[in-house]
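Student: Quick one: this structure, given as structure tokens, is what I'll be asking you about.
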Amino acid sequence: KQVNSGDTIVLKGKPRGGPPPEKTIILSNITAPKLGRRPMGNEEPTQDEPFAWESREFLRKLVIGKEISFVVEYTIPNTGRDCGLVYLGSGDSPLCVNEFMVKEGWAAVRSNNKSDGTAKYEMLELEAKTAAIGLHNEAGRATAVRNVQWTQEDPRKLFDELKGQRLKGVVESVRDGGTLRVLLLPSFNYITVMLTGIRCPSIRPDEQPEDHALEARYAVESRLLNRDVELVLEGTSGGGAGGNKNSNFVGSVLVPVRIPFMY
């Protein structure tokens, strides 16, 4: 369903009469740089660790929208989060994603790794370090941190700059069937986009979802969440200089027709 970082993914099962259950898996034996977090309440935003975005993107492009299998190795006692091995592909030789992330240099071996396969992970990490790839590219470390614009001080100004263009981005979250949180690329501007011309049942914090709201959100998540998209901005829903910095944009999202609805 979603890739949160270079070592954490959210899985979803197959739907049976409604949205399926979800499960978060931390890739065992490895660790990846942490992405920065958006400002929440009185908290300031945090900055990416070097190569966090590149690591997340490598894993996202590797697994998103594909069928995988997993084996839970252990559960973290104080959080209850499961850590396990994730496999891509079927047959006798599926790809172990945990090992592949280390092999390609986008994750490191956990220092407290007690797995029986520790020696193999350490060998893969040594090879990646020797080749200076991924996280081990010291020459690229200084530029491997995003400058993220979490909110827009003047949504109307940004709209005037971008209107009519086919913009590239990644859908980072789906609030409901008609509202998306999109990260524009390569500018790293986060914007909230309301889809032009439709209204979907709403999902609001601390309120009961409207009828069919969860199904509508799931249908859109299955097609768009964590996918590369193009979008055309067609307006704003308020704001402007001195207005609400979290004002929404209105626009159309363009995706390849080959992406099916999985519902």
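Student: May I ask you to say which residue of E172, E153 is out of contact with any Gly (no Cβ under 7 Å at 6 or more places or on another chain) and modelled with pLDDT under 90?
Tutor: Details: E172 fails: modelled with pLDDT under 90.
So the residue among E172, E153 that is out of contact with any Gly (no Cβ under 7 Å at 6 or more places or on another chain) and modelled with pLDDT under 90 is E153.
Student: Given the residues P20, P15, which is the only one that is in contact with a strand residue (DSSP E or B) (Cβ under 6 Å, 6 or more places away or on another chain), at pLDDT below 90 and not charged (D, E, K, R)?
Tutor: Values: P15 fails: in contact with a strand residue (DSSP E or B) (Cβ under 6 Å, 6 or more places away or on another chain).
The conditions single out P20.
Student: Additional query: Kindly provide the set of residues from region 134-190 that are β-branched (V, I, T) and outside any strand (DSSP E or B), ordered by number. If you could, list the steps in order and put the result at the bottom.
Tutor: So the first thing to find is which residues in region 134-190 are β-branched (V, I, T), and the list is 143, 145, 148, 151, 170-171, 174, 179, 182.
Answer for region 134-190, where residues must be β-branched (V, I, T) and outside any strand (DSSP E or B): T143, V145, V148, T151.
Student: For the structure I just gave you, tell me whether V174 is surrounded by 15 or more Cβ atoms within 10 Å (Cβ to Cβ), β-branched (V, I, T) and touching a residue at least 60 places away in the same chain (Cβ under 8 Å). Walk me through it before giving the result.
Tutor: Values: surrounded by 15 or more Cβ atoms within 10 Å (Cβ to Cβ): yes; β-branched (V, I, T): yes; touching a residue at least 60 places away in the same chain (Cβ under 8 Å): no.
Judged against the criteria, V174 is not a match.
Student: Having 3 or more residues that are open to solvent by 30 Å² or more (accessible area, probe 1.4 Å) and free of Cβ contacts under 8 Å to residues at least 12 places away in the same chain is the bar; report the helices (runs of 4 or more DSSP H) wholly within region 47-132 that clear it.
Tutor: Details: elements: 52-63, 97-103, 118-131.
Qualifying helices (runs of 4 or more DSSP H): 118-131.
Student: I'd like the residue in region 151-167 that is surrounded by 15 or more Cβ atoms within 10 Å (Cβ to Cβ) and within 28 Å of G65 (Cβ to Cβ) and, out of all such residues, is farthest from the chain's Cα centre (by Cα).
Tutor: Here the answer is L162.
Student: Here's a check for you: in region 191-233, which residue that is assigned to a loop (DSSP other than H, G, I, E, B) and among the basic types (K, R) is nearest to K66 (Cα to Cα)?
Tutor: The first filter runs over region 191-233 and keeps only residues assigned to a loop (DSSP other than H, G, I, E, B), leaving 196-212, 225-227.
Next cut, among the basic types (K, R) only: 199, 204, 227.
Working: R199: 29, R204: 30, R227: 12 Å.
Per the stated criteria, the residue is R227.
Student: Suppose we keep only residues that are over 13 Å from R156 (Cβ atoms) and in contact with a Lys or Arg (Cβ under 6 Å, 6 or more places away or on another chain) within region 233-263. Which one would you say is modelled with the highest pLDDT?
Tutor: Checked region 233-263; the qualifying residue modelled with the highest pLDDT is I259.
Student: Cβ contacts < 6 Å: first residue under 15 Å from S55 (Cβ atoms), restricted to region 140-152; second residue in a loop (DSSP other than H, G, I, E, B), any location; separation 6+ or different chain. Result?
Tutor: R141/P50; A144/P50; A144/F51; V145/D48; V145/P50; R146/D48; R146/F188
Student: Would you be able to say whether some residue in region 31-43 is hydrophobic (A, V, I, L, M, F, W, C) and either within 15 Å of E99 (Cβ to Cβ) or in a strand (DSSP E or B) (or both)?
Tutor: Yes, there is a match, as at least one residue in region 31-43 is hydrophobic (A, V, I, L, M, F, W, C) and either within 15 Å of E99 (Cβ to Cβ) or in a strand (DSSP E or B) (or both).
Student: In addition: Out of all the residues in region 206-236, which are open to solvent by 20 Å² or more (accessible area, probe 1.4 Å) and closer than 23 Å to L11 by Cα? Give the derivation first.
Tutor: Here is the first cut: in region 206-236, the ones open to solvent by 20 Å² or more (accessible area, probe 1.4 Å) are 206-212, 214-217, 219-221, 223, 227-228, 230, 232, 234, 236.
Across region 206-236, the qualifying residues are P209, H212, L214, E215, A216, R217, A219, V220, E221, R223, R227, D228.
Student: Next question, about the same structure. Return the pairs, sorted by first residue and then second, in which the second residue is in a loop (DSSP other than H, G, I, E, B) and not basic (K, R), the first residue lies in region 15-26 and is free of Cβ contacts under 8 Å to residues at least 12 places away in the same chain and exposed (fewer than 15 other Cβ atoms within 10 Å of the Cβ), the beta carbons are less than 9 Å apart, and the residues are 6+ apart or on different chains.
Tutor: P21/G13
Student: Now, a different point. Somewhere in region 52-71, is a residue of a type in the set (F, W, Y) and at pLDDT 95 or above? Steps first, answer last, please.
Tutor: The first filter runs over region 52-71 and keeps only residues of a type in the set (F, W, Y), leaving 53, 58, 70.
Imposing the further condition that a residue be at pLDDT 95 or above reduces the set to 53, 58.
Yes; the residues of region 52-71 include at least one that is of a type in the set (F, W, Y) and at pLDDT 95 or above.
The values are calculated or read from the model by the stated rules, or taken from the named source; none is laboratory data. All values reported here derive from a predicted model rather than from experimental measurement. Cβ sites come from the backbone with ideal geometry, for glycine too, and all protein chains shown count toward neighbours. Heads up: the accessible areas ignore ligands, DNA and RNA and are worked out on the full protein's heavy atoms, side chains in. Shrake-Rupley method; radii C 1.70, N 1.55, O 1.52, S 1.80 Å.
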